[in-house]
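Engineer: Please see the structure below; I have some questions.
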Amino acid sequence: MRIDAHQHFWRYDPAEYPWIGADWPLRRDFLPKDLQPELAACKLDGCVAVQARQTLAESRWLLELAEQHDFIQGVVGWVDLRSTGLESQLREFVPHPKFVGVRHVVQDEPDDNFMLGTEFQRGIAALEDFGLTYDLLVFPRQLPAANQLARNFPRQPLVLDHIAKPPIARRLQPSQPEFIEWSTQIRRLAECENVFCKLSGMVTEADWHNWEAADFEPYLRLVVQAFGPERLMYGSDWPVALLAGSYARVYVLTHDYVAGLGEQAEKKVFGENTMRFYGLERS
């Protein structure tokens, strides 16, 4: 199986998706019928659908889509990790075989140490008990907290989304302090064997209209060195990535770099690691 480890679906509603800019070409529905031809064109067999709203209704809707479309291999939904009713929320979703993990939009939390709060960590402990994964959606400034979380829960499978969204558009040199700080934190996170990383969401951190493959090489090189091909996954971040390029162009950017690492690395990053991390069934 060749898998896109990170994409989204939505029926557009401005009240539900306030983060979508007024002039962005994302203000419409993006559904499985729109994604499937893109996957097929890139010879991908399936995908993992990731939450884009922080509601229980979002998790229910994504699971409904997954029941209707076999190529949706897994769902990373949302539950309220800080709620005293978390266990009942998880018991609703865990019986569904395609409910594989949870994500919270931590990047939008004003407190950089949000993940180290007592209630949130109690929620992460519950995920471990239920055998679920957790997607880390953070900015570089929140990486120290992510590092501490990974060390507090060494048995909890974690995956870093979008390589923590470094400022690729600024075309930093590896010798510049901001790049050094990001890379130091990434290397430290990769020391935790329970943490994987998605090669996703990079193009929207670059210059949307003028990026080229060379802009990403320092970041890709660092992440590959830190995590190795054994703990990396390809993710399109479709349809958000359409802000900066077509599905095919985003795919080629990552595929060309990973293919240079050899056939075995390509197999791992474009499917095997995703299936192993999320516990997806082979078909």
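The values are calculated or read from the model by the stated rules, or taken from the named source; none is laboratory data. For clarity, every value in this text was computed on a predicted model and none was experimentally measured. Ideal geometry is used to build each Cβ from the backbone, glycine not excepted, and the neighbour counts take in all protein chains shown. Quick note on the areas: whole protein, heavy atoms, side chains included, nothing else; ligands and nucleic acids left out. Shrake-Rupley method; radii C 1.70, N 1.55, O 1.52, S 1.80 Å.
Engineer: Exactly one of (1) under 16 Å from the mean Cα position of the chain (by Cα); (2) open to solvent by less than 10 Å² (accessible area, probe 1.4 Å) is unmet by residue 196. Its number?
Structural biologist: Condition (2) is where residue 196 drops out.
Engineer: OK, next. If residue 101 satisfies all but one of (1) open to solvent by 10 Å² or more (accessible area, probe 1.4 Å); (2) under 17 Å from residue 52 (Cβ atoms), what's the number of the condition it fails?
Structural biologist: It fails just one condition, (1).
Engineer: Hey, could you check the range 21-43 for residues that are open to solvent by 10 Å² or more (accessible area, probe 1.4 Å) and among the aliphatic types (A, V, I, L, M) and say which is farthest from residue 232 (Cα to Cα)?
Structural biologist: 22
Engineer: For the range 66-98, give me each residue that is hydroxyl-bearing (Ser, Thr, Tyr) and open to solvent by 50 Å² or more (accessible area, probe 1.4 Å).
Structural biologist: 84, 88
Engineer: Let me ask another. Looking only at the range 127-144, which residues are buried (at least 21 other Cβ atoms within 10 Å of the Cβ) and assigned to a helix (DSSP H, G or I)?
Structural biologist: Across the range 127-144, the qualifying residues are 127, 142, 143.
Engineer: Could you tell me which of the residues 175, 183 is at pLDDT 95 or above, loosely packed, with under 14 Cβ neighbours inside 10 Å and not charged (D, E, K, R)?
Structural biologist: Exactly one residue qualifies, and that residue is 175.
Engineer: Tell me which residues, restricted to the range 110-121, are in contact (Cβ under 8 Å) with a residue 24 or more places away in the chain and either within 26 Å of residue 66 (Cα to Cα) or open to solvent by 40 Å² or more (accessible area, probe 1.4 Å) (or both).
Structural biologist: Once the filter is applied, which keeps residues that are in contact (Cβ under 8 Å) with a residue 24 or more places away in the chain and either within 26 Å of residue 66 (Cα to Cα) or open to solvent by 40 Å² or more (accessible area, probe 1.4 Å) (or both), the range 110-121 yields 112, 113, 116, 119.
Engineer: Is it fair to say residue 160 is closer than 17 Å to residue 232 by Cα and crowded, with 19+ Cβ neighbours inside 10 Å?
Structural biologist: In short, yes.
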